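Just so you know, all these numbers are worked out from the coordinates, no wet-lab data involved. The structure presented is a predicted model; accordingly, all values stated were derived computationally and were not measured. Please note: Cβ atoms are built from the backbone with ideal geometry, for glycine as well, and neighbour counts cover all protein chains shown.
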Amino acid sequence: MSVGSCCIRAIPGAAPPARVGLLGSAFLQVSAARTRTRTRAGRCRAAQHGLVRLGGRVVARAGAAETPVAGTDEDAGAAFSETFPLRRCQAVEGKAWVRVDAEPDSEGKCKVVVGCNVAGKWVLHWGVSYDDEHGREWDQPPSEMRPPGSVAIKDYAIETPLEILPNSEGQPLYEMQIKFDKDIPIAAVNFVLKEEETGAWFQHKGRDFRIPLNGSFNDGGKQDIDIWPGDLGHVLKKSEGSSSQPQNTSPEDTGLSGKHISGFYEEYPILKSEYVQNLVTVTVRRDIEAHKRLVEFDTDIPGEVIIHWGVCRDNTMTWEIPPEPHPPKTKIFRHKALQTLLQQKADGAGNSISFSLDAEYSCLFFVLKLDEYTWLRNLENGSDFYVPLTRVGQYGSTQDPDKAEAQKIEDKSSQADGLISDIRNLVVGLSSRRGQKAKNKVLQEDILQEIERLAAEAYSIFRSPTIDSVDESVQLDDTLSAKPACSGTGSGFEILCQGFNWESHKSGKWYVELGTKAKELSSLGFTIVWSPPPTDSVSPEGYMPRDLYNLNSRYGSMDELKELVKIFHEAGIKVLGDAVLNHRCAQFQNNNGVWNIFGGRMNWDDRAVVADDPHFQGRGNKSSGDNFHAAPNIDHSQEFVRNDLKEWLCWMRKEVGYDGWRLDFVRGFWGGYVKDYLEASEPYFAVGEYWDSLSYTYGEMDYNQDAHRQRIVDWINATNGTAGAFDVTTKGILHAALERSEYWRLSDEKGKPPGVLGWWPSRAVTFIENHDTGSTQGHWRFPYGMELQGYAYILTHPGTPAVFYDHIFSHLQPEIAKFISIRHRQKIHCRSKIKILKAERSLYAAEIDEKVTMKIGSEHFEPSGPQNWIVAAEGQDYKIWEASS
């Protein structure tokens, strides 16, 4: 959590070079998230076959609403027909502008004008700096300077919507004007531009955009704009050849007396990437006489479209390449699949193709490829499309069902016996060394890690189903039915999404908005969503709780919260509640006028407040952790406090349906109390925020961060391992490694990951950004333009990775989705085994579970060894390979 600061601080230094490809010269990029295409209702049971396994890959089984079942009219010939919704990005160009009208108008007012001509909901988030102030801190402008419709943001800023101004051509123009007197004692107007539909925040050189009103632009004329990653994070970098020339500039004339305002106008190209909905229809017809299947593809996507496809037989779910002849304009891809270019339709409205296949094949898999980096998969689950080529009655094993089931049980029992034997041998070996005087601590740590790895492997056996027939709904890695190893630690295969940012409360309907994204998050592969603080709160963000049993907040009502949890559960995603246990705002004052008397169902008095916080005159015991000075810190040593909080957490689990907790500011109280709370509420998963500063010497980050991660591990130990913790150490080291090209930092002195990830991976929740570090707060923003390197690291490594809301609903989504798909496909989990291959100045490379190799950094690297490595994802300064089976 974070206390709202009195200003938005500028990010030090200029933003690093853009890490994304831009069209032509530099562009402003904004993506507009669009509502997903809804699949057609009324599908029959055969259309809901769920997921099947393709080697190590999870693929979607297509619906079959229009498929005639066995025994229907054979002459109709249509064995299968289905239309799948698609979603792709397309670019829309426009421009933004900033103008200063230095000459007073008829009302004697000068103007600052900001506008753009790209469709959206644009808001100017702005404040001012007064003449007698130094630095870049903001203040609110005087009331006469605020345009109509402006809303105050705390005590430092204003938000003003841009108005739509129709022009002669009918193109929408968005513009707002700030009017002011020429002799007003204001040195500058500061702002960032926000597009509310996407949550994107646009900055100037990585800082707030600043318009001096004292005669000159102090940045030398060159204008660059960057964008904070909001719901969609992008970058604009203006071309070097373009520079702004203020009119009538007089840099020396900066005093209030005779103050000179400079006229200024500059335009910026905008490239808006928005989601477009398309369709692809696949039809399979039977040619009984020729013993063939005619497959037809038809899509309304314009331009070049390639189908990347393969077939399988007898439900082996293994890709094959059918023998020649192949369709026209087909090439073989790495001896694994075919790539066929669709033919443009005569009317130009899309592309189509048809070809025949032998009737011996039972199914066809495909994805659509638009270019080297754009692949369209099934929207329902983010996996490959599955098309049956035979009748429904022909699917499934020809083996007797009872015998098949007995064989599956026997296979699993055999695997389990071997794993149990391995674990038992390791435990016996560890016990035999316990009594020895000369203990080999490193060996024991290795054995413990091996036990965790084997336990995860054993768990995966019993959670991975096998395919019986298409009449069964198959759910792979079903987290809803998974049993955690112990309360609060999950199954080891979790991927967490933070379901909000710092601005989410503003709509007042966030629960409703987030609920619409449940299916999409499920299709992307997330298993847990972290929801915002639910209680009544002094601060709208929810981190200053007051009445804990009042669940009507700025995010929505209690009923909307319960509906949200229900929606996510139906999508197969568990929900974490954000529990603020360290502090609580009082409803009443004591006799001295101090706010330390609480109301509501938990009507505590000042005995519930710690004694060593001078602001709130508590009569409890001294704090067991660090004080949070903005609100009364709760004394968890009091039995009545602990009992009330345990009762409240259990009530939240039962009444709302939460599956676990994100615990705020756990530095403030002893982890042993957390153990009590978690044992009482029995969460599926819990993670604590233990955030303090890393180790620095003379302003330089130390290579050895053992002391920092030890503090986090100590807190986890105090909880008796019942909760994980955010791996702040890893985030900080990634900052230094990527910003300074010091990738050697990503290996500690023992050749292991240098964060909590390297010591206790099953309790490390890795992340690169959250609502405090990023969003509109930006307290510790991840290196600009390098987010995909960060996600390539945490989504391939052990630990439990967490993805920030602003990143997943942005232009980063396609690549993050690839990383998540790789993690699921290769069954990487929180205890996966990692081997660091390179940790040099400009290169880090690692192998995970001998199934995935990854590299980040600018230096070239290719994996070697007996495996055949296939590129699964690549981009600017990152690359990931999978071992082919």
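Here is how the numbers come out for the structure above:
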item	result
Sorted by Cβ density within 10 Å, fewest first, the residues Val284, Val128	Val284, Val128
Residues Ile301, Ile712 arranged by fewest to most Cβ contacts within 10 Å	Ile301, Ile712
Segment Lys292-Lys111, length gained on full extension (0.36 nm per residue, minus Cα span)	57.9 nm
When each of Lys506/Lys574; Lys517/Lys566; Lys675/Lys833; Lys646/Lys675; Lys731/Lys855; Lys336/Lys369 is checked by Cα-Cα distance, pairs over 19 Å	Lys506/Lys574; Lys675/Lys833
Arg740, Arg313 arranged by Cβ crowding within 10 Å, fewest neighbours leading	Arg740, Arg313
Net charge of Cβ neighbours under 10 Å - reference Arg601; Lys, Arg +1; Asp, Glu -1	-3
Gained length - Asp358 relative to Asp371, 0.36 nm times residue gap less alpha-carbon distance	1.7 nm
Cut-off 10 Å between beta-carbons: net charge of the residues surrounding Glu769, Lys and Arg +1, Asp and Glu -1	-1
